[in-house]
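Engineer: There's a structure below that I have some questions on.
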Amino acid sequence: MDHPSGGHGLNFAAAVLAAPPYPGPWPGLDRSRFLPLDRNESTRPPPAPVRTAITAHVDASGVQAYPVSDRLALALARYCAVPAGCVLPTSGSSQAIQLVLRSLLPPGGSMLMATPGFPFFGHTATVLGADVRGVPFADDLTFPYRRFADAAADIRPDLIVLINPNNPTGSAVDVEFIEELAAGYRDVPVVVDEAYAEYTGVTCIPLIARRPNIIVLRSFSKAFAMAGLRLGYVVAAEPVITQLAKLRNPTDVNALAVVAGETHLRHLADMRRHVHETVHVAKPILTTFLREHGVRHWPGAANFVVVDPGPGRAATEYLRDCAILVRPMVSAPVAGFLRVTIGTAAEMRVVRDAYGAFLAGAPARRWWHP
């Protein structure tokens, strides 16, 4: 018997049935055999104090008890220079996105964001039955300030999303513009995803005290090299955090993420050293090569570079054959481009040499050996 409800006779929500699966790059691939530069995660392990703290916790306490994240919240509040009640740790920034959208985006409501943006926002809004209204980036990948402001005035959205710097374009958004939006739409949540803020040093967190409709989302997956432990957090006005916390189980953040997060925040010099090396040493190795060879590219403000390799998927497939994974872009205006995560200086020299071989028309060979 055919079940329009989803094939098992269960009454799934119509918005869930209509939503496509969340996309993932290179399904089924053994990633351990490749240099993974396609997900903007760190290629370095967490620093030694973090690894030691994780091992010590497992040896001393195991993982059989439910975690407590109160001390982590206090450490995050100090890091962000906000009161403790203004921070909510989450299981990755993906949970933070879900908490905010589930709380503040009504079914049938509208969410405004520049596109292309981090797909999980649009995916979550679609599953919730909301209407995603996108404002395309300009062809030069700069943020579409005028068109975005016009769209906000025309649509009067239920929720505004700004990703700063944006993924996948790397585009930065002026903090002054974000504050203008928050001031102009005081009853609308203005969600600012700052997953890459450590690489820029730019944040909207100081605005929250006078613009309480601003909600900032952060992640430990990028500069802190903790993508596998799933740790993120929300920074917002205390009444906002109080409401968001109602949708989060107090034990959602796992114990090892708590330990690693607390330790990282006591050893910030390690993270800052990694950021400096990424931005000022490793990234220029790739961007200088691309510029010298006339390859159109956008360095952006985060730990990745967008590259226009010309027609087709030849460069992406060639690099995969060289054991280097990069992210193919599919949405305008970056459709057909590729995104390269910045790893170590040594890894960027490997990418540089492999891409040079591609430009020279040489046969692909394995450039990366894990």
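The values are calculated or read from the model by the stated rules, or taken from the named source; none is laboratory data. Keep in mind the model is a prediction, meaning the values are calculated, not measured. Note: ideal-geometry Cβ built from the backbone for every residue, glycine included; neighbour counts use all protein chains shown.
Engineer: Give me a count of the residues in the stretch 310-362 that are assigned to a loop (DSSP other than H, G, I, E, B) and charged (D, E, K, R).
Structural biologist: Residues meeting the conditions: 1.
Engineer: Would you point out the residue of the stretch 184-202, among those that are hydrophobic (A, V, I, L, M, F, W, C) and under 16 Å from the mean Cα position of the chain (by Cα), that is nearest to residue 279 (Cα to Cα)?
Structural biologist: 197
Engineer: Mind listing just one residue for me: the one in the stretch 265-309 that is in a loop (DSSP other than H, G, I, E, B) and under 17 Å from the mean Cα position of the chain (by Cα) and, of those, farthest from residue 69 (Cα to Cα)?
Structural biologist: Checking each candidate, the answer is 299.
Engineer: For the stretch 302-323, give me the residue count where each residue is touching a Pro at 6+ places or on another chain (Cβ under 9 Å), farther than 13 Å from residue 355 by Cβ and at pLDDT 95 or above.
Structural biologist: Going through the stretch 302-323 one residue at a time, the tally reaches 4.
Engineer: Right, here's the next one. Can you confirm whether residue 143 is under 18 Å from the mean Cα position of the chain (by Cα) and at pLDDT 95 or above?
Structural biologist: yes
Engineer: Sticking with this structure for a sec: With (1) crowded, with 23+ Cβ neighbours inside 10 Å; (2) in contact with an Asp or Glu (Cβ under 6 Å, 6 or more places away or on another chain) as the list, and residue 207 as the residue in question, which single condition is left unmet?
Structural biologist: Evaluating residue 207 over (1) crowded, with 23+ Cβ neighbours inside 10 Å; (2) in contact with an Asp or Glu (Cβ under 6 Å, 6 or more places away or on another chain) leaves (1) as the failure.
Engineer: When both residues are 6+ apart or on different chains and their Cβ atoms are under 8 Å apart, which pairs have a first residue that lies in the stretch 335-356 and is assigned by TED's automatic domain parsing to the domain that holds residue 316 and farther than 27 Å from residue 137 by Cα, and a second that is assigned to a strand (DSSP E or B) and not β-branched (Val, Ile, Thr)?
Structural biologist: Qualifying pairs under 8 Å: 347/35; 347/37; 350/35; 351/35; 351/37.
Engineer: Residue 34: out of contact with any strand residue (DSSP E or B) (no Cβ under 8 Å at 6 or more places or on another chain) and of a type in the set (Phe, Trp, Tyr), yes or no?
Structural biologist: Against the criterion (out of contact with any strand residue (DSSP E or B) (no Cβ under 8 Å at 6 or more places or on another chain) and of a type in the set (Phe, Trp, Tyr)), residue 34 does not qualify.
Engineer: State whether the residues of the stretch 200-222 include one that is of a type in the set (Val, Ile, Thr), assigned to a helix (DSSP H, G or I) and outside the structural domain of residue 283 (by TED's automatic domain parsing).
Structural biologist: Yes - at least one qualifying residue is present in the stretch 200-222.
Engineer: Considering only residues that are over 17 Å from residue 134 (Cα atoms) and among the acidic types (Asp, Glu), which ones fall in the stretch 155-190?
Structural biologist: 174, 176, 179, 180, 187
Engineer: So, one more: Yes or no: the stretch 227-241 includes at least one residue that is over 19 Å from residue 104 (Cα atoms), touching a helix residue (DSSP H, G or I) at 6+ places or on another chain (Cβ under 9 Å), without any contact (Cβ under 8 Å) to a residue 24 or more places away in the chain and of a type in the set (Lys, Arg).
Structural biologist: no
Engineer: Hey, can you tell me all the residues within the stretch 164-187 that are in contact with a helix residue (DSSP H, G or I) (Cβ under 8 Å, 6 or more places away or on another chain) and either touching a residue at least 40 places away in the same chain (Cβ under 8 Å) or outside any helix (DSSP H, G or I) (or both)?
Structural biologist: 164, 165, 172, 174, 185
Engineer: Counting only residues that are of a type outside the set (Gly, Ala, Ser) and in contact with a Leu (Cβ under 6 Å, 6 or more places away or on another chain), which one in the stretch 38-82 is farthest from residue 262 (Cα to Cα)?
Structural biologist: 38
Engineer: If only one of 84, 77 is crowded, with 17+ Cβ neighbours inside 10 Å, free of Cβ contacts under 8 Å to residues at least 12 places away in the same chain and small (Gly, Ala, Ser), which one is it?
Structural biologist: 77
Engineer: Still on this model: Somewhere in the stretch 135-156, is a residue within 20 Å of residue 22 (Cα to Cα) and either buried (at least 18 other Cβ atoms within 10 Å of the Cβ) or not aliphatic (A, V, I, L, M) (or both)?
Structural biologist: The answer is no, given that none of the residues of the stretch 135-156 is within 20 Å of residue 22 (Cα to Cα) and either buried (at least 18 other Cβ atoms within 10 Å of the Cβ) or not aliphatic (A, V, I, L, M) (or both).
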